[in-house]
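Below: one structure, written as structure tokens.
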Amino acid sequence: MALGAADGGAVMGLPVVLVHGLRFSGTMWRPQQEVLEAQGRRVVALDLPGHGVRRGEEFTLGGAVDAVAGAVDAVGGRALVVGLSLGGFVSIAAAAAHPGRVAGLAAVGCTARPAQALAQVYRIPAVLLDRLPDHGEAVNERFHRLTLPTDGAEAALDGGLAMEAARAVIDEIAEMDVLGALGAYPGPVWLINGARDPFRIHERRFLEACADGRLLNVPRAGHLVSLDQPENFAKLVADIADVVWVRSGRAVEGPPSV
């Protein structure tokens, strides 16, 4: 778990917990973490079970939710939780399980029902990649270096690619009642997608499921929106954190813009 904050300075506003996507690790959030910490915010970019420094552990949804709750506790017990793709589904589950800890939720690149998004899109490729000696790690690394900005690719790949975790993740998340979990969370939700993300297919149903939701699509960005547009996404996270902070009755420097 990468715990950040202004260790020697004042901490500003609502803490932020960042939850990575399938196969990645907390390092994928480095561009956002650097910007947010420079603003004096306290930030954690955790590694889920089976990923990053936790490779080799079994992934379960319950274990992933516990990891998010532990990260929130590490920054004071209440935070904005931001999750991308797999991290989005895990963050939704964590918000439903621990609404008192999750002050606000940004679910990114995950507005497709898991049974379709994961089972149909990921399961067959995962089985095929498992047959390769490295489980397809070299192919995936080459793909990300070709399709992401250089800094984004380095951040995404520095924690390794947990190719071996994919099948367990798919089996766990495919059975998740994500719409039910969204509806069970009473706090503010931002559903964020890259405009070019193919996983937007159920975004309106996700929005309707939220008790307090809004939908944002980022122009010219794909599924890995935080890596496609790292500076814009960091600003978006900061603005959301400020909005949640103000709505909770706390003071914050500067006007919110989301």
**Request:** Could you check, for the range 159-180, whether at least one of its residues is modelled with pLDDT of 95 or more and either closer than 16 Å to A103 by Cα or among the hydroxyl-bearing types (S, T, Y) (or both)?
**Result:** no
**Asked** Which is of a type in the set (K, R) and under 21 Å from A64 (Cα atoms), of R167, R205, R200, R196?
**Response** R167
**Fill in**
The condition of being outside any helix (DSSP H, G or I), exposed (fewer than 14 other Cβ atoms within 10 Å of the Cβ) and either of a type outside the set (V, I, T) or modelled with pLDDT of 75 or more (or both) holds, among R142, R131, only for R131
**Request:** Tally the residues that are closer than 14 Å to G50 by Cα and not in a helix (DSSP H, G or I), restricting the search to the range 150-173.
**Result:** 4
**Request:** Considering each of R205, R196 in turn, give the residue that is touching a residue at least 24 places away in the same chain (Cβ under 8 Å) and in contact with a Gly (Cβ under 7 Å, 6 or more places away or on another chain).
**Result:** R196
**Prompt:** Is at least one residue of the range 25-41 outside any helix (DSSP H, G or I), out of contact with any Cys (no Cβ under 8 Å at 6 or more places or on another chain), farther than 25 Å from P99 by Cβ and of a type in the set (S, T, Y)?
**Reply:** yes
**Request:** Taking the options G104, G77, name whichever one is farther than 23 Å from P230 by Cα, at pLDDT 95 or above, more than 12 Å from the chain's Cα centre (by Cα) and of a type outside the set (S, T, Y).
**Result:** G77
**Scope the range 212-230; condition part of a loop (DSSP other than H, G, I, E, B), surrounded by fewer than 21 Cβ atoms within 10 Å (Cβ to Cβ) and either out of contact with any helix residue (DSSP H, G or I) (no Cβ under 8 Å at 6 or more places or on another chain) or of a type in the set (G, A, S) (or both); matching residues** = D212, P219, G222
**Complete:** Taking the range 220-239 and keeping residues small (G, A, S) and within 15 Å of the chain's Cα centre (by Cα) leaves G222, S226, A234, A238
**Item:** Which numbered condition V72 fails, given (1) hydrophobic (A, V, I, L, M, F, W, C); (2) closer than 30 Å to P219 by Cβ; (3) at pLDDT 95 or above
**Value:** (2)
**Residue check, G159 within 22 Å of V65 (Cα to Cα), touching a His at 6+ places or on another chain (Cβ under 8 Å) and not polar (S, T, N, Q)** = yes
**Tally of residues being touching a His at 6+ places or on another chain (Cβ under 9 Å), in a helix (DSSP H, G or I) and of a type in the set (A, V, I, L, M) across the range 91-116** = 0
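The values are calculated or read from the model by the stated rules, or taken from the named source; none is laboratory data. Bear in mind the structure is a predicted one, so any value in this text is a computation, not a measurement. Using ideal geometry, Cβ is built from the backbone for each residue, glycine included, and neighbour counts are taken over all protein chains shown.
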